[in-house]
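The values are calculated or read from the model by the stated rules, or taken from the named source; none is laboratory data. Owing to the predicted nature of the structure, the values given are computational and were not obtained by experimental measurement. Glycine gets a Cβ as well: all are built from the backbone with ideal geometry, and neighbour counts include every protein chain shown.
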Amino acid sequence: MAFRFDKSLGRTVLFSVAVVSFIIAVYQTILQNSIGKNYTLYMVSFVCVMWFRYLGLDTKTAAKDTPVPRSGTATKAGAKPAANRPKGKRRK
């Protein structure tokens, strides 16, 4: 039985841990008036965000590899081409 890791679930958990640890760190910093005592919580949040972003890189590079048609170049069948007029001027 092979274990398969779901990246989207992992990214969701990492983001949740990052947000929760950051909120707890801010709350503790306000109560104790010391960032140094809560450095560990801030670093846990930071590491989770970095790991979250790292896991998202694979999906972004895959999306960049597929060409996306531009809205201005693709025309519908039977549609008139857009008039070449300067931007900012209204049609009368």
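Restricting to region 1-19, count the residues that are free of Cβ contacts under 8 Å to residues at least 24 places away in the same chain and part of a helix (DSSP H, G or I). Don't jump to the end; show me each part of the working.
Filtering region 1-19 for residues free of Cβ contacts under 8 Å to residues at least 24 places away in the same chain gives 1-6, 8-9, 12-13, 16.
In the following step, the residues that additionally are part of a helix (DSSP H, G or I) were identified as 8-9, 12-13, 16.
The number of residues fulfilling the criteria is 5.
As a summary of the residue check, G88 satisfies the conditions (1) assigned to a loop (DSSP other than H, G, I, E, B); (2) at pLDDT below 70; (3) small (G, A, S) except for the one numbered (2). Among the residues of region 1-36, those that are among the charged types (D, E, K, R) and touching a helix residue (DSSP H, G or I) at 6+ places or on another chain (Cβ under 7 Å) comprise K7, R11. Applying the criterion of being of a type in the set (K, R) and within 12 Å of F52 (Cα to Cα) to the residues of region 1-23, the residue that is farthest from the chain's Cα centre (by Cα) is K7. Restricting attention to region 35-63, the residues that are modelled with pLDDT of 90 or more and either among the aliphatic types (A, V, I, L, M) or loosely packed, with under 15 Cβ neighbours inside 10 Å (or both) total 14.
Selection of first residues in region 31-42 that are within 15 Å of A18 (Cβ to Cβ) and of second residues that are of a type in the set (G, A, S), restricted to Cβ pairs under 6 Å at least 6 apart or on distinct chains, gives the following pairs, ordered by first then second residue: N38/A25; L41/S21; L41/A25; Y42/A25.
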